[in-house]
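The values are calculated or read from the model by the stated rules, or taken from the named source; none is laboratory data. Predicted model, so just to flag it, every value in this text is computed and none were measured. In this analysis, Cβ positions are derived from the backbone assuming ideal geometry, glycine residues included, and neighbour counts consider all displayed protein chains.
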Ligand code: UDP
């Protein structure tokens, strides 16, 4: 496959067209942002970690019946994916209170939720990805009720599979963000799953092993990203 013109450059990835109409070429960058772009930096080799980790997790999820956009790795930083049309939604899945949920509900970080919590945000940087509910989704035609039903079902299965997988590698999956796209009329899982989009805590010490190290200036950012990849490869 040939890499053709760049379609889009996001905060963490560049997307290129290819000579195959239904495939994109994704390049993972080392750029890091937080707090809606207010904080900017670089995490050395983050692009490599996130590219490889997403590949591992998408393959795992495919094996559990979740359709994903992942096709194959090209090299350390790049992968082929199906050319999806991304729905303008971020789906947040939460097992343990942290981040904005802890703030919003006045909970201590680390409180285990009695039920898995699903939240939707409207994917719009200028608006700061506001939280929305299903009424907004249908009124704004961000997705159909059938698509939302599938998204909810898939998100809960993804959570079950990933919680178990990470725990087997010494990590607690606190919360994460998913994005979905439409490919040949079907909703499939897209974007990435990485320490940029998940909160992962060491299963024994509760040490933060994700982008919160960058967000909160906790140090050892690069080392932590590498450690997460080593653990899930091991
Ligand atoms: N998240 C993400 N992209 C976003 C917002 C959140 O990947 O634009 C992830 C974040 O890394 C965390 C989870 O979604 O794993 C929940 O994030 P939260 O709503 O607590 O927001 P934050 O505190 O990260 O701003």
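Go through the residues of segment 48-56 one by one and say whether even a single one is out of contact with any helix residue (DSSP H, G or I) (no Cβ under 6 Å at 6 or more places or on another chain), within 15 Å of the ligand (Cβ to nearest atom) and in a helix (DSSP H, G or I).
yes
Hey, can you tell me all the residues within segment 198-211 that are within 10 Å of the ligand (Cβ to nearest atom) and free of Cβ contacts under 8 Å to residues at least 40 places away in the same chain?
Within segment 198-211, the first condition is being within 10 Å of the ligand (Cβ to nearest atom), and the residues that meet it are 198-200, 210-211.
Of everything in segment 198-211, those that are within 10 Å of the ligand (Cβ to nearest atom) and free of Cβ contacts under 8 Å to residues at least 40 places away in the same chain turn out to be 198, 200, 210.
Every residue in segment 68-98 that is touching a helix residue (DSSP H, G or I) at 6+ places or on another chain (Cβ under 8 Å), touching a residue at least 24 places away in the same chain (Cβ under 8 Å) and either part of a helix (DSSP H, G or I) or more than 16 Å from the ligand (Cβ to nearest atom) (or both), please.
Selection gives 68, 69, 76, 77, 78, 79.
Can you pull out the residues in segment 161-197 that are more than 24 Å from residue 26 (Cα to Cα), in contact (Cβ under 8 Å) with a residue 12 or more places away in the chain and not in a loop (DSSP other than H, G, I, E, B)?
Going through segment 161-197, the residues more than 24 Å from residue 26 (Cα to Cα) turn out to be 161, 163-175.
With the extra rule that they be in contact (Cβ under 8 Å) with a residue 12 or more places away in the chain, the set shrinks to 161, 163, 165-167, 169-175.
161, 163, 165, 166, 167, 171, 172, 173, 174, 175 - these are the residues of segment 161-197 that are more than 24 Å from residue 26 (Cα to Cα), in contact (Cβ under 8 Å) with a residue 12 or more places away in the chain and not in a loop (DSSP other than H, G, I, E, B).
Which residues, taken from segment 11-44, are in a loop (DSSP other than H, G, I, E, B) and surrounded by fewer than 17 Cβ atoms within 10 Å (Cβ to Cβ)? Walk me through it before giving the result.
So in segment 11-44, the residues in a loop (DSSP other than H, G, I, E, B) come out as 11-12, 19-22, 29-30, 35-38, 43-44.
Result: 11, 19, 20, 21, 22, 35, 36, 37, 38, 44.
Report whether or not residue 5 is over 23 Å from residue 232 (Cβ atoms), part of a loop (DSSP other than H, G, I, E, B) and at pLDDT 95 or above. Full working, then the answer.
Numbers: over 23 Å from residue 232 (Cβ atoms): yes; part of a loop (DSSP other than H, G, I, E, B): no; at pLDDT 95 or above: yes.
It is false that residue 5 is over 23 Å from residue 232 (Cβ atoms), part of a loop (DSSP other than H, G, I, E, B) and at pLDDT 95 or above.
Which count do you get for residues in segment 108-128 that are out of contact with any strand residue (DSSP E or B) (no Cβ under 9 Å at 6 or more places or on another chain) and either away from the ligand (no atom under 12 Å from the Cβ) or farther than 23 Å from residue 180 by Cβ (or both)?
Counting residues in segment 108-128 that are out of contact with any strand residue (DSSP E or B) (no Cβ under 9 Å at 6 or more places or on another chain) and either away from the ligand (no atom under 12 Å from the Cβ) or farther than 23 Å from residue 180 by Cβ (or both) gives 4.
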